[in-house]
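The values are calculated or read from the model by the stated rules, or taken from the named source; none is laboratory data. Because the structure is predicted, anything quoted here is derived from the model rather than measured. Glycine also receives a Cβ, built like all others from the backbone with ideal geometry; neighbour counts cover every protein chain displayed.
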Amino acid sequence: MSIELPPSAAPRSSYPQDVLPAAVRRRLLELAGTGSPVAAYLYDGEIAAARARELREALPEWAAVHYAVKANSFPGILAALAPHVDGFEVASLAELALATAAKPAAPGAPAPVVAAGPAKSVPVLTGLVEADVEVINAESPLELHRVSRIAQERGTTARVALRVNPAQIPVTGSLHMGGEPSQFGVPEPEAAEVVRSAQRLPGLDLVGFHIHAASNNLDAETHATYLRWCVEWSAATAAEHGIDLRHIDIGGGIGVNFEGEKPFDTARFGELAAAVTPPAGARVVLEPGRFLVADCGWYAAEVTDVKHSYGQAFAALRGGINHFQLPTSWDIVHNVAVLPVDAWPEGCPRPEAVDGPVTFVGELCTPEDTLLRDVRVERVRAGDLAVFPYAGSYGWEFAMHAFLGHPVAERLML
């Protein structure tokens, strides 16, 4: 049995503290001065809103941006994004409630929500139908039958799109969700048969297709190629089966540059997307998640102790993978900045590590509770704050909150 640890950061150095915006440093030092150990996410809603505006303004009018709530579901973030996105993408009843609260439906219009997920239960599908969401992205023939029955029982019609797992995809990315065996969607060779079945089912309005084939793509050129492929495949399939094509959902997939990578060129992507011409009346939906929110959040945890063991230094935190599991789960180097805190009880020893590699670990009783390994730090002391930037996506939502029963991290808007 192997232990899952993030890769070694050596020979990298930790971020200088000025990588943290001045307002973030001030707020974290205020929290440190309260006397309670700091373990919190701090979010800046304007950063998320600005990223959403940047993407929305770069895209043609036929495109729609639906933020994927799973990336960061904090109500303050959803409220900040709501005026700048066309809607939200949800995968549970809890996310549906958050989305409809942040962006209620206009009178007489469907809820500005698209729904996804590979194993929607009957209660989830029922809630989506009753909420009259824009589109339910159906993952299987059984799911289509269930939506049909639920809609009939309620005397309504549900708008659905068929999620397709294409045989080949013209896109790169670290997490492939198409072109290979998967629990997501209907394999492309079976799509025609499932479409014909959906067209025979009462209570359904088949409006188009959903193709979410990859994520973490930093190349604007290939992502535009992927968008074009989705539009052309959807248009051809709709024409073949006589579908009134109104919905082409290409999923998310725009990547985030963590360290040393070239950022996604939003303007270039918009320029290339504008050269695509969807069929009249068809809207192309993008579901960005972490692209909108990764850099709007910081995870901060107090260094409760600094220990030296057989020549290695460890900074132990009031937190860990019960708050921030992303570095271990995604096998990434997620760097840290050390924010010095001067206050310290008089007469109490204050252990430290100076000018050498340090491994940042959490408070859980497992060696897998490791956030960052072997990063060179000028100085870290017990009582200082370890602050992880780019923690606005898949941070709090992705963590092991219940393990050992320690308090969960606070979530605060800046």
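Annotations for the structure displayed:
- Counting only strands (runs of 3 or more DSSP E) that sit completely within the stretch 280-346, those holding 2 or more residues that are over 25 Å from LEU364 (Cβ atoms) and either in contact with a Cys (Cβ under 7 Å, 6 or more places away or on another chain) or not polar (S, T, N, Q) (or both) correspond to 283-286.
- Any hit, the stretch 69-77, residues being of a type in the set (A, V, I, L, M), part of a helix (DSSP H, G or I) and farther than 24 Å from VAL284 by Cβ: yes
- Some residue of the stretch 154-165 being of a type in the set (Gly, Ala, Ser), surrounded by fewer than 16 Cβ atoms within 10 Å (Cβ to Cβ) and at pLDDT 90 or above: yes
- So ALA213, is it surrounded by 16 or more Cβ atoms within 10 Å (Cβ to Cβ) and closer than 30 Å to PRO37 by Cβ: no
Residue by residue, here is whether (1) under 28 Å from the mean Cα position of the chain (by Cα); (2) charged (D, E, K, R) holds:
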| residue | (1), (2) |
| --- | --- |
| PHE184 | yes, no |
| GLU188 | yes, yes |
| SER197 | no, no |
| LEU204 | no, no |
| ASP219 | yes, yes |
| ARG228 | yes, yes |
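- Residues that are closer than 27 Å to HIS406 by Cα, among the hydrophobic types (A, V, I, L, M, F, W, C) and out of contact with any Lys or Arg (no Cβ under 8 Å at 6 or more places or on another chain) within the stretch 25-77 comprise LEU28, LEU29, LEU31, ALA32, VAL69, ILE77, listed in sequence order.
- Among the candidates GLU346, GLU352, GLU287, GLU368, residue that is closer than 21 Å to GLU397 by Cβ and surrounded by fewer than 21 Cβ atoms within 10 Å (Cβ to Cβ): GLU368
- Residue match in the stretch 387-399 (condition: outside the structural domain of LEU98 (by TED's automatic domain parsing), in contact (Cβ under 8 Å) with a residue 12 or more places away in the chain, under 25 Å from SER73 (Cα atoms) and part of a strand (DSSP E or B)): yes
- Only residues that are out of contact with any strand residue (DSSP E or B) (no Cβ under 7 Å at 6 or more places or on another chain), in a loop (DSSP other than H, G, I, E, B) and buried (at least 19 other Cβ atoms within 10 Å of the Cβ) were counted across the stretch 93-130, and they come to 2.
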